[in-house]
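Taking it in order: structure first as structure tokens, then the write-up.
The values are calculated or read from the model by the stated rules, or taken from the named source; none is laboratory data. No experiment lies behind these values; they were computed from the predicted model shown. Neighbour counts run over all protein chains shown; Cβ positions are idealised from the backbone, glycine included. With ligands, DNA and RNA removed, areas are computed over all heavy atoms of the protein, side chains included. Shrake-Rupley method; radii C 1.70, N 1.55, O 1.52, S 1.80 Å.
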Amino acid sequence: MQAQPTPNEQPQFPIQELEQIESAIQASQRWIATLQVRRALLTAELDRLTRPQPAPTSAPQKTMIGPGLEYRGVMTRHWNYIDIHIDLLQRLWTEFPDRREAMAQAMGCYGTTRAYVAKSHAELFPGQSIAWAQRYSRQLVPGWYADTNLNRERMRRILPAAVSAAGLKWGEDVKTFWRATPVR
């Protein structure tokens with residue numbers, strides 16, 4: 001219960017509360033000013049980012065191609081290296097059936113104990129089980145199998161040999177793009 005002030009006693013004025021309110025109003029005004037500046041900066045940045053871009057000049061556009069294979073002027077995209085390898089070999093084995101032995105021999109020159117293509121799983125992987133050989137090979141055409149247990153560097157060495165043995169020119173008739181590549 002509050003004591004009643006006596007008639008000659010003045011009630012206490014809450015000066016401390018008034019100072020707290022004044023301080024809170026000033027702090028709020030500073031926050032509003034800070035937020036208004038930040039809003040202006042963000043609005044300007046949003047305008048810059050969403051502004052329509054001017055039409056490009058007549059500079060030639062660069063197109064990204066690959067990863068994939070360009071075979072006689074036709075580009076085919078692939079997701080991984082081994083698919084590029086197998087696609088090219090299948091095209092060569094299909095288009096040049098009379099050059100299959102020469103292509104296989106040219107590719108084999110880059111291996112010490114491996115045949116990169118062969119007529120059977122046993123010839124492809126001597127000393128390995130049939131299950132292992134089937135896991136690491138793909139059929140190119142009926143009666144021919146290709147090794148799929150290769151890294152990109154090995155593919156980069158043996159594919160030009162196969163292309164050359166088929167009578168095509170590497171870099172002209174056949175190009176491989178092992179990663180996305182900009183071209184004009």
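Using packing as a proxy for protection, rank 138-150, 169-181 so that the peptide with the highest average count of other Cβ atoms within 10 Å comes first.
138-150, 169-181
Report the label-to-label distance for residue 138 and residue 48 in nanometres (one decimal), using points 7 Å from each Cα along the Cα→Cβ vector.
Each label point is offset 7 Å from its Cα along the Cβ direction, giving 4.8 nm.
When the helices in the chain are scored as -39500 (n - 2.57) per DSSP H run of 4 or longer and the sum is shared across all residues, what 222 nm value do you end up with, to the nearest 500 deg cm²/dmol?
Values: 6 runs with 85 residues, N = 184.
My calculation for the chain gives -15000 deg cm²/dmol from helical runs alone.
Whenever you get a sec, line up 94, 43 from highest to lowest accessible area (probe 1.4 Å, protein heavy atoms).
Heavy-atom accessible area, descending, gives 94, 43.
Quick check: the angle from helix 81-95's long axis to the longest principal axis of the chain, C-alpha only, nearest 10 degrees?
It works out to around 30 degrees.
Give me log10 I(q)/I(0) at q = 0.11, 0.19 Å⁻¹ for the chain, Debye formula, one equal scatterer per alpha-carbon, no solvent.
-0.66, -1.24
Helix 15-50 versus the longest principal axis of the chain: what is the Cα-based angle in degrees, 0 to 90, to the nearest 10?
30 degrees
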